[in-house]
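The block underneath contains the structure these notes are about, expressed in structure tokens.
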Amino acid sequence: KKPVHSKIVGYNKGGLIVAIEGVRGFLPSSQIVGLRAESVPEGQFDDRLKEMVGRTLRLKVVELNRRRNRVILSERAAVQEWRSQQKERLLGELAPGDVRRGVITSLTAFGAFVDLGGADGLIHLSELSWDRVEHPSEIVKPGDEVNVYVMSVDPETKKIGLSLRRAQGEPWQRVMGRYSLGQLVTGKITRLTSFGAFARLEEGIEGLIHVSELSDRRITHPREVVREGDVLTLKVVKIEPERHRLGLSLRQAIEDLGEDVFHGRREEG
């Protein structure tokens, strides 16, 4: 059960040969982190083992038979032990409100897991962006380095709740400095309702074009004028950052600029 740092000196079809204090030990391929026979393309397994010769790995002695002069080692066990130690350390250090650097390790339908340096935390789908997100792959991918905001730490369940969007700051705090009444802005229609259309100006900032501000003529539904994906020039007619509300007008933008406010394109979705 002793952890050791050992150099890889050779390989065979079953794994790697390790030099450990003058003794040759064996590291089975099943105990090598990130190397599973079923995940390696056919014919490339030996090449992957050969590439590891010369490296020094963190290993753990899992079998010691002096009579047979045999030492079996495991990288998986050593890494698992190290991560367990790091997780305990992090659980004691982390506090809600901290901002930490981490690496995206995997994605699920409900969020993304982040390695904080020995412990994984979860960014729930709702905490990935200030915009609506259908799947984490829209925002991040495995291997991405990200800053995350620590939302919760539970020492009993050893769960860490994280937020990507909160580490970037609340977008509505920037509204008063970026937008003013009468300003012409570019927005993308994101959804239609019976009372109007919502347009996205930037990440986390959507405004409402009330049905009365879509056209000079009387309409019964926004779809008569716009559709999701339209990119429009709009006029800011109301700002209420404390209520997270921004009022926009297509009708008044047309009055200012004329009919050509679509910026020449339409985007689906």
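The values are calculated or read from the model by the stated rules, or taken from the named source; none is laboratory data. All of these numbers come straight from a predicted model, not from anything done at the bench. Using ideal geometry, Cβ is built from the backbone for each residue, glycine included, and neighbour counts are taken over all protein chains shown. All accessible areas refer to the heavy atoms of the entire protein, side chains included, with ligands and DNA or RNA removed. Shrake-Rupley method; radii C 1.70, N 1.55, O 1.52, S 1.80 Å.
Summary table
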read-out: Scope segment 25-48; condition at pLDDT 85 or above, more than 10 Å from residue 8 (Cα to Cα) and surrounded by 13 or more Cβ atoms within 10 Å (Cβ to Cβ); matching residues; value: 28, 29, 31, 32
read-out: Selected residue (criterion: farthest from the chain's Cα centre (by Cα)) from residues of segment 65-109 that are assigned to a strand (DSSP E or B), of a type in the set (A, V, I, L, M) and surrounded by 14 or more Cβ atoms within 10 Å (Cβ to Cβ); value: 71
read-out: Residue in segment 256-269 that is open to solvent by 30 Å² or more (accessible area, probe 1.4 Å) and modelled with pLDDT of 90 or more present; value: no
read-out: Test result for residue 182, farther than 17 Å from residue 131 by Cα and of a type outside the set (Asp, Glu); value: yes
read-out: In segment 219-233, residue farthest from residue 200 (Cα to Cα) [restricted to those that are assigned to a loop (DSSP other than H, G, I, E, B) and open to solvent by 30 Å² or more (accessible area, probe 1.4 Å)]; value: 220
read-out: Qualifying residue in segment 6-20 (condition: within 30 Å of residue 120 (Cβ to Cβ), of a type in the set (Ser, Thr, Tyr) and either at pLDDT 90 or above or part of a strand (DSSP E or B) (or both)); value: yes
read-out: Cβ pairs under 6 Å, 6+ apart, first in segment 103-119 and free of Cβ contacts under 8 Å to residues at least 40 places away in the same chain, second aromatic (Phe, Trp, Tyr); value: 105/113; 106/113
read-out: Failed condition for residue 145, given (1) open to solvent by 70 Å² or more (accessible area, probe 1.4 Å); (2) modelled with pLDDT under 85; value: (2)
read-out: Of the criteria (1) touching a Gly at 6+ places or on another chain (Cβ under 6 Å); (2) farther than 19 Å from residue 249 by Cβ, which one residue 203 fails; value: (1)
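The rows are residues; the columns are (1) at pLDDT 95 or above; (2) in a strand (DSSP E or B); (3) over 12 Å from the mean Cα position of the chain (by Cα).
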residue: 118; (1), (2), (3): no, no, yes
residue: 121; (1), (2), (3): no, yes, no
residue: 129; (1), (2), (3): no, no, no
residue: 132; (1), (2), (3): no, no, yes
residue: 137; (1), (2), (3): no, no, no
residue: 141; (1), (2), (3): no, no, no
residue: 152; (1), (2), (3): no, yes, yes
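Yes/no per residue for (1) open to solvent by less than 30 Å² (accessible area, probe 1.4 Å); (2) among the aliphatic types (A, V, I, L, M); (3) touching a residue at least 40 places away in the same chain (Cβ under 8 Å):
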{"residue": "183", "(1), (2), (3)": "no, no, yes"}
{"residue": "196", "(1), (2), (3)": "yes, no, no"}
{"residue": "199", "(1), (2), (3)": "yes, yes, yes"}
{"residue": "217", "(1), (2), (3)": "no, no, no"}
